[in-house]
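The structure appears below as structure tokens.
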Amino acid sequence: MRIVVCLKVVPRPEEVKVNLESKTLDRAGARSVLNPADVNALETALAFRDTVGGKVTVLSMGPPQFEPYLRVAPAVGADEAVLLSDRAFGGADTLATSYTLATAIGKIGGADLIVCGEESSDGGTSQVPPSIAEWLDASQATYVERIVSGKSAATVLATRVLENGKETVELDLPAVVSVVVGANEPRFIDYDRWAFAQSASVKVLDFAALGGDPQYLGLKGSPTTVAGLREVRKPGRRREVLTVTADDAAARIKAEIERAGLVRN
Amino acid sequence: MTGANDGGCWVYAERQGDSFLSVSLELLGKARELADRLGGELTALTVGGNSGAGAPLRRYGPDHVLELTHPLLATYDAKAYATAIGAELSKSKPSALLLGATRNGQDLAGRLAVRMRTGLTAHVTGIELDDRQNLVGWVPGFGGGIEAGVSCPVRRPQMVTVRPGVFPLPEGRTPTGDVREVVPELSEKDLGSRRVSFEVKGSSVDLTRAGVIVVGGRGTGGDFTRLEKLARLLGGEVGATRIATDAGWVERDRMIGQTGVITHPKLVLVLGASGAVQFTVGIDRASTVVAVNRDPSAPIFDHADLGIVGDLGPVVDSLLRALEA
Ligand SMILES: Cc1cc2nc3c(=O)[nH]c(=O)nc-3n(C[C@H](O)[C@H](O)[C@H](O)COP(=O)(O)OP(=O)(O)OC[C@H]3O[C@@H](n4cnc5c(N)ncnc54)[C@H](O)[C@@H]3O)c2cc1C
Ligand SMILES: Nc1ncnc2c1ncn2[C@@H]1O[C@H](COP(=O)(O)O)[C@@H](O)[C@H]1O
């Protein structure tokens, strides 16, 4: 089984600063982490490979500074890590991001199963996984908590977590799945592999190496634009703030509840 | 398809069993207004295994109801649904397609956007029109109270997914519009997946309809028993921040905010939540907000009518006593 895990490096949300004057986000000062859902995706892929055999390749698109973060993947047992990095990929929305990732999957030899996270934590949309599936004409199952082998080698069984229950589908391969945060307990770094991980080079593919149709890449391939940033309108609130004893606080809150017409005596 | 605006607005009306999700009806209400301002028509699109299911949508003001029916569409499959819907979009070329930001709605939207080679703005909490009549979807950003307006000026349809509860649920009215049924050409090989089982969740809650919500954040430390008691006494429901649902303290369908639901209660009591913008977008439509937080500089106090600075534990205990008295 050839498995590709799409892994994104995201800024720590609490370290991203907002410049209120220019109304822009300053991510430069923020340290990064692996996107939480993608860590669960990686664990899903490794565990599945460990039962059915095969190879796990980790794939990420982003600036060269992502490289050290991707070394964690071989340290926990991934076979290969690939970083897609080029100015031409920058400014991508979900259409362009998914195109670039899908093109790279073809370039590195294709995949039977592509495992993503449910959503990226830096304002992500959860749209990249189904979009990759469409570019590759693969089937898809999003918000998955579990995958197991199917009846034949051409399928897997995926359990999706939906609003009203859990759906298990028989999914034709090749397929893209996206894994929910907390689906599993990610394994620890294997220190016996740490040396290997450091020597295992992260393969970097730039535009020239990737190929692909430039009209679908980066800013040019992104039909959405940020038309503006603004402060969220603050609601008209009384903003009465009190530091009082717990009993006084409770009395005030109770009065508020009564005022809202909610206490039933 | 370039940036024309004469193709009308479409809404994907998602079904659960025989009924439509309220987020789909909310979108029909908003899209009616958008279509009128754009001078175009409103089409409600529904997909399923049996014909006739779309008729109830006529009560929400559409000019047309389009039913795509086929036995292979009886349960949701992204590939088959995208094939059936994509063909109709290519034929009719609507200006906009709105979908509820439910799990299957997002699953479908991501696939369809690529099929149509168009832009998609995901889980917005507001829609406006710019001066060229393009849809602008507003998405709350990182902390600091900023939201970004995202538009798709160059491609059609403009695709947007919207959180439940963002727009008011319209009242059902006298039916309007015609119902057209299309049976797409599909075969087994157009399916990417087949449902083998479905385990219905025992209880599911819809916080967009709750009148009172008691919200717990990280500051609760994970103990929600007293919050549940409080909610029961007030005839309301428990809600939570994402930190609390991600930690598994509370089920995920009780998450409030950009990734959760947008609520409109009469009263919300927010306990131990800092007031990140992704959360506050979900409570800013409440009639009254009361917040308890031990940090006097917590941004939540800007979103509250009454704020109590202090440890939530003793305040909750006193409040329970006061309400039970
Ligand atoms: C793309 C994206 C989408 C998101 N969507 C959502 C969403 O839909 N909903 C959501 O909630 N979040 C969402 N978030 C996360 C959001 O940014 C915040 O991280 C989250 O809302 C914080 O939750 P919290 O207030 O419970 O925790 P914290 O921010 O850690 O705040 C805890 C608060 O509790 C107070 N406290 C601690 N102990 C006590 C005590 N004993 N008594 C009183 N007060 C106490 C502290 O002073 C603090 O203010 C999203 C983030 C991103 C990036
Ligand atoms: N730049 C990227 N590089 C690798 N994977 C990505 C990238 N962007 C998104 N993904 C994958 O798509 C998932 C959903 O992301 P999003 O659609 O941005 O919310 C993530 O959890 C990743 O698995």
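Annotations for the structure displayed:
- Among (1) within 12 Å of chain B (Cβ to nearest Cβ); (2) in contact (Cβ under 8 Å) with a residue 24 or more places away in the chain, the one test that A:L210 misses: (1)
- In region B:284-305, the residues that are closer than 12 Å to A:R237 by Cβ and hydroxyl-bearing (S, T, Y) reach residues that are more than 16 Å from ligand 2 (Cβ to nearest atom) and assigned to a strand (DSSP E or B) with C-beta atoms within less than 7 angstrom, at least six apart or across chains, in these pairs: B:S287/B:L267; B:T288/B:L267.
- Residues being in a helix (DSSP H, G or I), out of contact with any Asp or Glu (no Cβ under 9 Å at 6 or more places or on another chain) and either open to solvent by less than 10 Å² (accessible area, probe 1.4 Å) or more than 14 Å from chain B (Cβ to nearest Cβ) (or both) are represented in region A:71-78 by at least one member.
- Looking across region B:101-138, the residues that are within 20 Å of B:V261 (Cα to Cα), more than 8 Å from chain A (Cβ to nearest Cβ) and in a loop (DSSP other than H, G, I, E, B) come down to B:A101, B:T125.
- Residues of region A:157-200 satisfying the condition of being within 13 Å of chain B (Cβ to nearest Cβ), free of Cβ contacts under 8 Å to residues at least 60 places away in the same chain, not acidic (D, E) and not in a loop (DSSP other than H, G, I, E, B): A:L157, A:A158, A:T159, A:R160, A:V161, A:L162, A:G165, A:K166, A:T168, A:V169, A:L171
- Verdict on A:T125 being among the β-branched types (V, I, T), within 7 Å of another protein chain (Cβ to nearest Cβ), within 11 Å of ligand 2 (Cβ to nearest atom) and within 17 Å of B:Y81 (Cβ to Cβ): no
- Any hit, region A:143-154, residues being at the interface with chain B (Cβ under 7 Å from one of its Cβ atoms), more than 16 Å from ligand 1 (Cβ to nearest atom) and of a type in the set (A, V, I, L, M): no
- Filtering region A:174-202 to residues that are open to solvent by less than 40 Å² (accessible area, probe 1.4 Å) and within 20 Å of A:G117 (Cβ to Cβ) leaves A:A175, A:V176, A:V177, A:S178, A:V179, A:V180, A:A183, A:V202.
- Some residue of region A:46-65 being touching a Gly at 6+ places or on another chain (Cβ under 7 Å) and at pLDDT 95 or above: yes
- Taking region A:242-263 as the range and being within 13 Å of B:V290 (Cα to Cα) and in a helix (DSSP H, G or I) as the test, the residues that pass are A:A249, A:A250, A:A251, A:R252, A:I253, A:K254, A:A255, A:E256, A:I257, A:E258, A:R259.
- Against the conditions (1) within 24 Å of the chain's Cα centre (by Cα); (2) within 21 Å of B:P265 (Cα to Cα), B:D246 satisfies every one except (2).
- Single unsatisfied condition, B:R173 versus (1) away from ligand 1 (no atom under 12 Å from the Cβ); (2) on the phi > 0 side of the Ramachandran plot: (2)
- If you filter region B:294-312 down to residues that are closer than 21 Å to B:K229 by Cα and touching a Ser or Thr at 6+ places or on another chain (Cβ under 9 Å), you find that the one that is farthest from the other protein chains (Cβ to nearest Cβ) is B:L312.
- Residues of region B:118-135 classified as free of Cβ contacts under 8 Å to residues at least 60 places away in the same chain and surrounded by fewer than 24 Cβ atoms within 10 Å (Cβ to Cβ), total: 4
The values are calculated or read from the model by the stated rules, or taken from the named source; none is laboratory data. Predicted model only: the values in this text are computed from it and were never measured. Cβ: placed from backbone, ideal geometry, glycine included. Neighbour counts: every protein chain shown. Ligands, DNA and RNA are stripped out before the accessible areas are found, and what is left, the full protein with its side chains, is counted by its heavy atoms. Shrake-Rupley method; radii C 1.70, N 1.55, O 1.52, S 1.80 Å.
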